[in-house]
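A quick write-up on the structure given underneath.
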Amino acid sequence: HPLAMQQQQPPTPSTHPARSLPLAGASNFRDLGGYQGLGGQTLRWRRLFRSDHLAALTPDDQARLQALGIARAIDFRGASERAAQAYALPGVAYHPLTIEPTIIHRALALQQQGHTLTAQDAVGLMQETYRGFVHDNAPRFAEMFRLLLDSDSPIVFHCTAGKDRTGFAAALILLALGVPRATVMEDYLLTNGLYRRPEGLASLAPAEVLAVLWRVQEEFLDAALHRVDADYGGIDTYLVDVLGLDTAARKELAQRYLQAL
């Protein structure tokens, strides 16, 4: 019987590689491939990776990155973060693009003023951090795009937790490649199901505040994107006027990182 024969055939293997790559020393390492961008083209798999910091990678993890062909790493961490958890990966060019963390300083300033931090305070602090990315840290993100245009060799970009500085960077890349905002937000929120908080971190902040600071919320990324809309009239103008990604550069980016139909 034709139907019976059909059922006996082995299942077709999936053409989509795993997005999240389980590593012993990093919990938020994932691929940006497969999302639909400009002209219905999809992002090429195994070219663009985002992650939490890479200082705790095991030898097996490092071999996995080598097998993926990762040749470049962008590190958005601040100077003291890099010094405390430094790393060097053989055969991987290292590009520090410093974005100093500000949230802790802002939280401490509020506490020193006698203010008991609440979860809502933490949301507000996170939103301010993301708005800061748009203006204060634009040169770092412009440099990121220059690196992406230099070569299409596989690259990983990360900060400490791979959620905020990395999250905004990933959003910019996906938007520049024409991925819809709703999909960009879905990718951003994947952190909540993946990232493992470091254990044994002493903190003066209440548990409800930590629950905000160690996760991501739509309101955080929205704060940055709304600032882009309000100040520049949208992502397209921001990419050109602030990040230097003109029409030719954006076309080149698409040719490098989108799969031709």
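Considering only alpha-carbon pairs that sit under 8 angstrom and 6 or more positions apart, the relative contact order computed for the stretch 19-80 is 29 percent.
Of Glu81, Glu199, Glu186, the residue with the greatest mean-square motion in the GNM of the chain, using alpha carbon springs below 10 Å, is Glu199.
Of the listed residues Thr166, Thr42, the order by accessible area with a 1.4 Å probe, largest first, is Thr42, Thr166.
A full extension of the chain between Ala18 and Met185 corresponds to an added length of 58.2 nm, given 0.36 nm per residue minus the alpha carbon distance.
Pick out which of Gly39, Gly244, Gly162 has the largest mean-square fluctuation in a Gaussian network model of the chain, springs linking Cα atoms closer than 10 Å. Maximum among the listed residues: Gly39. One decimal place: the segment Tyr87-Ala56 gains 10.3 nm when fully extended, by the rule 0.36 nm per residue minus the C-alpha distance. From helices alone, the chain scores -14000 deg cm²/dmol at 222 nm; the rule is -39500 (n - 2.57) for each run of n ≥ 4 DSSP H residues, then divide by the residue total. What you get for the chain, charging only the Cβ of Lys and Arg (+1) and of Asp and Glu (-1), is a dipole of about 640 debye around the Cα centre.
Measuring how big the stretch 99-183 is from its alpha-carbon positions, Rg and Dmax come out at 15.5, 50 Å.
Taken along the Cα-to-beta-carbon direction at a fixed 7 Å, the label points for Gln259 and Val240 span 3.1 nm.
Within the shell of other residues whose beta carbon sits under 11 angstrom from the beta carbon of Thr98, the net charge comes to 0, with Lys and Arg scored +1 and Asp and Glu -1.
Solvent-accessible area per residue in the stretch 25-110 equals 42 Å², computed with a 1.4 angstrom probe and all protein chains kept.
Working from Cα pairs under 8 Å separated by at least six residues, relative contact order for the chain is 25 percent. Per-residue extension of 0.36 nm, minus the Cα-Cα distance of Gln217 and Ala230, leaves a gain of 2.7 nm for this segment.
Along the axis of the charge dipole computed for the stretch 199-261 (Cβ charges of +1 for Lys and Arg, -1 for Asp and Glu, origin at the Cα centre), the listed residues Tyr232, Gln255, Leu245 are led at the positive end by Gln255. Protection proxy ranking of 18-27, 218-227, by the mean of other Cβ atoms within 10 Å over each peptide's residues and highest first, is 218-227, 18-27.
Computed about its Cα centre, the charge dipole of the stretch 135-215 is approximately 120 debye, with only Lys, Arg, Asp and Glu carrying charge at their Cβ.
The values are calculated or read from the model by the stated rules, or taken from the named source; none is laboratory data. This structure is a prediction, so every number in the text was calculated from the model and none was measured. Neighbour counts are summed over all protein chains in view; Cβ atoms, including those assigned to glycine, are modelled from backbone coordinates with ideal geometry. Please note that ligands, DNA and RNA were not included when accessible areas were found on the heavy atoms of the full protein model with its side chains. Shrake-Rupley method; radii C 1.70, N 1.55, O 1.52, S 1.80 Å.
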